[in-house]
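Scroll down for the structure; my scribbles are underneath it.
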Amino acid sequence: MVRRGFTRTEVKMKFVFNLTHGWNFQRVLRLVLAAVAGYYGIVDQDYLLMFIALVLLYQALWNTGCGMTNNSCTIPPKNSP
């Protein structure tokens, strides 16, 4: 039998590792912006702002970005004749 995916313990260990390692300015900025956007989203009952806060919080906690990693958005150079 082939095991697919991660167990709950592995996911928890990865989450704890991500919370305790690799904090930089951008990650802290995402966390602060998530807190501010979440606060104003709740106060103003603005669901779009709450969604943005959740996305920023996810990015800060899991240390992810917008998905543009490993030069996935680069344009290959043209071959000159």
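Assorted remarks:
- Size descriptors for segment 1-48: radius of gyration and Dmax over Cα atoms are 16.5, 51 Å.
- Note, ³J(HN,Hα) from phi for segment 21-29, Karplus 6.51, -1.76, 1.60, rounded to Hz, x at Gly and Pro: 10, x, 7, 10, 4, 5, 5, 5, 4
Only the coordinates and a few stated rules stand behind these numbers; no lab work does. Note that this is a predicted model, so its numbers are computed, not measured.
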